[in-house]
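The values are calculated or read from the model by the stated rules, or taken from the named source; none is laboratory data. Just so we're clear, the structure is a prediction, and the values are computed from it rather than from any experiment. Methodologically, a virtual Cβ is constructed for each residue, glycine included, from the backbone with ideal geometry; neighbour enumeration extends over all protein chains shown. Surface accessibility is based on the protein's heavy atoms, side chains included, excluding ligands, DNA and RNA. Shrake-Rupley method; radii C 1.70, N 1.55, O 1.52, S 1.80 Å.
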Amino acid sequence: MDPVIIAGAGPTGLALALSLARQGVPTVVFDETEAGRTGDRPARAERTALLSPGTAESLARLGCKTIHEDGTTWTGWRTMRRRQEVARAEFGPDSGTSPLHIAQHHVERQLHEALATEGLARIVPGTRLDLLEQDETGVTVHTRGADETWWRGSYLVGCDGSRSTVRKLLKIRFPGRTAVDRHAVTALRVELPNPGEALLHRDPPGSGLGPEVMARPLPDGVWRLDWLLTPQSDLLTADAVVARIRGTLTAWCGRVPPYELLGTAEYPVHQRLALRWRVGRAFLAGDAAHLTGALGAQGVEEGLRDAENLSWKLGLAWHQGASETLLDSYEAERRGAVGARLRATDQVLPLARAKGLWPVLRRSVLSGSQRQYAELLADSHLGRGPIGSPPVYTRSPLALPAPRNGSSEASPLVASCATPPGAPVVDVEVTALDGSRARLRDRLGRDLLVVLIAPGTGVWESRHWLTAGLMPRLAKAVAALPTRAELLVAESYPGATAHSVLLIRPDGHLVTAMTGCRPAELYSYADLARGGPPAQVEDRVPH
C-alpha cells in the first residue's frame, strides 16, 4: 500500500510519523524548511512546551531518550497577588505529577533523531504541498520546492500549522477569536528566589509591569518569563523589554541580579477550532485543527495528543482496513476534547481578566468559590480541571452508550475500577506471557491490551500461572479477538478486584473493565474499540 503523507514537520507531524513507523506503516513527511535535511532545529530558548507526565512518557516510548534530561519538572507552583500568596501546589520529588517544561526545539530535535533511525519514514525538506486530490483508494498530492512532483498516499494528515494549506485545500472553515491575549516572552539565565518553583504573579509590585507576569523554570538556571500585555499596549521595543525585565527582577529579588538574555518574542493568543477534522482520507491535526493558548493552554500538548489518537487508527486502517466509524472517531474524540477546553477557557477568561476579581480574592481568599477562581488560573499549567486534565472520551462512537433514562445502574458484566471508560489508564506494573515485566504504558502504541488482575502472580514464574485459573480460557479468547491484542497480567489496579479484566486501547484509554472471562462479551467490546468490521472499498464514500 501507499505511505501515509504528512504535511508539516513540527512536533505533531514528527510524532505521528514516528508512531506510524513503529507500527510498520511507511510515511512521507513534507518539511517546508531545510531543517529536515540536517535535523538541526532553530534554537529559540523562549519557545517552550509544557508536557503532562503522560505525554512526556509517550515521547520517551517513541525514542526521545533524553526528553526528561532536556526539560525540567517543578517542585511547586505559586499564585500571588501583589505580595500575597493566594494558591499553591507542591510536587514531591518522585510524585510524577509535575509537568515537564522543555524548549520546543529539543522536542523537535529528539523526534527528528528518532525518526532518522526508522527506515519506513522519509522526510522531504524544502517541500510544500499545493494541490490535493482524493479517490476511493488513496490521495494524490502535488508539491513545489525542492521536490516539485506528484505523490501518491493512502492517507494525508495536515500538520502544517495555523495557516494550513491542507485545511484550505479541503475548504474547511477555521472559526474562532483572534488575539484574545497578548504576551511578551523572554528566556533568561538568572538566579531567582524559590528555585524550581513556577510562579504566576498578578498585579506585581512595581510600575510598568502590567497586570500579570509568570516565571517558569527550565534546566541550567534558565527561566521563561511571560508578561500579559493589555489591549492598549504598544508593540514592545528592545528598551521596553529590558525595562520589564529589570522591574520584575527588582520586585522579586529586591535588586537586579546578573542575568543573561537568551531570547525574546511577542505573540498573540488565538482561539480557533476547525469545523471538520476529516474529509475522506484527509485529516487535520495540531495547529492546523485548533489554536489554544489562553490561560496557558498547551498547543504542543494537544497536538501530540492528536497524533497519539490518530496514529493507532491509521495503523489499523493501513494494515487491516478500517470502518468509517473508526476513522470518524478521531474527529469526534479529539475535536470534542479540544472544543470542551476552549469552552471552559472562554468561561474562565472573563473572570481571570476582570479587574474586580483580585480584591475579592484578597478579602475572601479561603472562601470556596473565590479560591477556585485563583486555582483555575493554574489548571492548564498543572494539567488539571476542565482546562488542563487529560481527555476522557465518553462521547465517542467507540464508547459504550450511556445508560438509558439516566439510570446509574452498572451492567453486571462491568467490574469496579477507579478509571472510568474512555479515561487514560493508571500506569501499573504488568507481566507478559513470557514472564517479562514492564510498565503498562510501555506496552501501548499498537495493539489492544487485555489485562487480567491476578494478585499473587508476581511471586510465581509465568509457567505456573499460564495454565491456572482464568488464564487458559482468557488466552484463547484473546487469540480469537477480531483485532490484534496482547494479554498481560497485573498484581493490582486501583479500584479493581481480583479476576477483573481490563480492555485498553493502543492510546492508553480504557474501553471497559469486565468481571471474569466472558469470551463473547470481550469480543464485542474489542469489536467496538476497532469501530466494527472494516468497510469494503466499494462501500467507502467520501466523508
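Structural remarks
- Gyration tensor analysis over the Cα atoms of region 219-330 returns equivalent ellipsoid semi-axes of 44, 17, 10 Å (largest first, whole Å).
- Cβ crowding within 10 Å averaged over residues, with 72-79, 310-317 ranked highest first: 310-317, 72-79
- Probe 1.4 Å, all protein chains present, accessible-area order of S154, S162, largest first: S162, S154
- When the surface is traced with a 1.4 Å probe over the full set of protein chains, R202 keeps roughly 10 Å² accessible.
- The chain - accessible surface per residue (Å², probe 1.4 Å): 43
- Ranking of L225, L170 by solvent-accessible surface, largest first: L170, L225 (1.4 Å probe, protein heavy atoms only, all chains present).
- Carbon-plus-sulfur accessible fraction, the chain (probe radius 1.4 Å, protein heavy atoms only): 52%.
- Using θ = phi - 60° and Karplus 6.51 cos²θ - 1.76 cosθ + 1.60, couplings along region 297-309 (whole Hz; Gly, Pro as x): 4, 9, x, 5, 4, 5, x, 5, 5, 4, 4, 5, 5
- Taking amide hydrogens as placed 1.01 Å from N in the peptide plane, the amide H of S389 sits under 5 Å from those of R384, each at least 5 positions away in sequence or on another chain.
- Take every Cα pair under 8 Å whose residues are at least 6 apart in sequence, average their separation, divide by the length of the chain, and the relative contact order is 15 percent.
- In terms of distances greater than 28 angstrom between alpha carbons, the cross-link table entries K313/K476; K65/K313; K65/K168 yield K65/K168.
- Averaging Cα coordinates gives a centre for region 240-254 and one for region 14-85; these two points are 30 Å apart.
- With the whole protein complex present, R246 retains an accessible surface near 120 Å², based on a 1.4 Å probe.
- Among the GluC sites (Glu not before Pro) found in region 161-247, those both in a DSSP coil and sparsely packed, with 14 or fewer other Cβ atoms within 10 Å of their Cβ, are E191.
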